[in-house]
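I have placed the structure first, in the form of C-alpha cells, so that the comments after it can refer back to it.
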Amino acid sequence: MNTVSNTLKKNFATLATAGAIGLAAIAAGSVAGNTHTASAATNPVVTVKYQSIVVYDSPNGNRTSKWLSYNTSWKTFGSAKGSDGQTWYNLGGSQWVPASYISLPSTSTASSSTAKINAVIALAKKQIGKPYVWGGKGPSSFDCSGLMHYVFLNAAKKEIGGWTVPQESAGTKVSISSLKAGDLIFWGSRGATYHVALYIGGGKYIEAPKPGQNVRTSTLSSYYMPSFGVRVFK
C-alpha cells in the first residue's frame, strides 16, 4: 500500500476533532459548497467513498486540518499526477484529494441510455406513415400503446407493457415541463390513461393518433396537452 494511503488511514482516528474546522474551511457539505475562480464545467464532480478523508495542500503534499465526510460530493477544478503515480483532484486553491479515496461519475450508463433513446426514436420515425389499427402492435400497423411497445422492445430490448396503464410504470414520472427526448407522454390520469406517445424533443412527439389516421409527428399544444411523462431511460 502506498505512503499516501497509509497516512490517510492513520489519520482517520483523529479526524473527528478536526472535522468541524475542516468542513467549514472548504464548504458546508455539498457540490455547491466549494468555490474557486476557475471554471469546473469540464471537470468531474467527485464523491467521497470512505468514512472520511483528509485534504492535502498539494499532490503528495502536507495534510491540512480539512476533511471530507463520507458520501459528500465536491466540484473539482483540475487534476494532477502525484509522485506516487496516482491522480489527485483539486477542490479549489491548495486543496487536493487522491483518486483512490473518491469515486468519479459513471459515463457508461449515460452513454448507454443515450444510445438506447436514439435507437428508440430512430425506429419510431421509421413507422411514420403506417396506419392506425386498434390493437395493432406492428410491424405493419399500430395503435398508440402498440407503437410504444414495438419501438422500445425492438430498438432497446425494453419491455414496457402492451397498453397504456402498465406503460405508466415503465420508468419515473416526470412533469411535462421537464420532458426529455425518449420520454413517454400520457393523456389522462394515472391508472386511466387513454393515449400515449413518444416525446422526441423540440416540443414534438411521435404518435399513432386514431382510426383513419397514420403514425405521425405532432407538436405539443395547449389545446391537446399531455398530462404527464414517464422517463424510461435516465
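The values are calculated or read from the model by the stated rules, or taken from the named source; none is laboratory data. Given the structure is predicted, the values throughout are model-derived calculations rather than measurements. Backbone-built Cβ (ideal geometry, glycine too); neighbour counts: all protein chains shown.
Couple of notes before you dig in:
- Selected residue [hydrophobic (A, V, I, L, M, F, W, C) and without any contact (Cβ under 8 Å) to a residue 60 or more places away in the chain] from 198, 220: 220
- Candidates 11, 2, 90, 43 - the one that is at pLDDT below 85 and closer than 22 Å to residue 105 by Cβ: 43
- For the range 73-91, a residue qualifies if it is outside any strand (DSSP E or B) and either small (Gly, Ala, Ser) or farther than 16 Å from residue 45 by Cβ (or both), and the qualifying residues are 78, 82, 83, 84, 85, 86.
- For the range 161-172, the condition holds for at least one residue, the condition being that it is part of a strand (DSSP E or B) and either among the acidic types (Asp, Glu) or exposed (fewer than 13 other Cβ atoms within 10 Å of the Cβ) (or both).
- Scanning the range 173-198 for residues that are under 11 Å from residue 230 (Cα atoms) and in a helix (DSSP H, G or I) turns up 176, 178.
- Being touching a residue at least 40 places away in the same chain (Cβ under 8 Å), assigned by TED's automatic domain parsing to the domain that holds residue 137 and more than 17 Å from residue 125 (Cβ to Cβ) is a property that residue 191 lacks.
- Residues of the range 93-111 classified as part of a loop (DSSP other than H, G, I, E, B) and at pLDDT below 85, total: 4
A quick yes/no check of all residues on (1) within 30 Å of residue 153 (Cα to Cα); (2) at pLDDT 85 or above:
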| position | (1), (2) |
| --- | --- |
| 47 | no, yes |
| 58 | no, yes |
| 84 | no, no |
| 120 | yes, yes |
| 128 | yes, yes |
| 131 | yes, yes |
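- Scope the range 136-160; condition surrounded by fewer than 21 Cβ atoms within 10 Å (Cβ to Cβ) and within 17 Å of residue 114 (Cα to Cα); matching residues: 153, 154, 155, 157, 158
- Among residues of the range 158-168, those that are farther than 13 Å from residue 195 by Cα and in contact (Cβ under 8 Å) with a residue 24 or more places away in the chain, counted: 2
- Residues in the range 205-234 that are crowded, with 19+ Cβ neighbours inside 10 Å and not aromatic (Phe, Trp, Tyr): 206, 207, 208, 215, 226, 229, 230, 231, 232.
- Complete set of residues in the range 41-63 that are crowded, with 19+ Cβ neighbours inside 10 Å and either part of a strand (DSSP E or B) or within 19 Å of the chain's Cα centre (by Cα) (or both): 46, 48, 52, 53, 54, 55, 56
- Among residues of the range 85-135, those that are polar (S, T, N, Q), crowded, with 19+ Cβ neighbours inside 10 Å and out of contact with any helix residue (DSSP H, G or I) (no Cβ under 9 Å at 6 or more places or on another chain), counted: 1
- Residue 179 meets each of the listed conditions (1) in contact with a helix residue (DSSP H, G or I) (Cβ under 6 Å, 6 or more places away or on another chain); (2) under 22 Å from residue 113 (Cβ atoms) apart from (1).
- Test: residue in the range 135-147 that is more than 19 Å from residue 48 (Cβ to Cβ), of a type in the set (Phe, Trp, Tyr) and either modelled with pLDDT of 90 or more or part of a loop (DSSP other than H, G, I, E, B) (or both): yes
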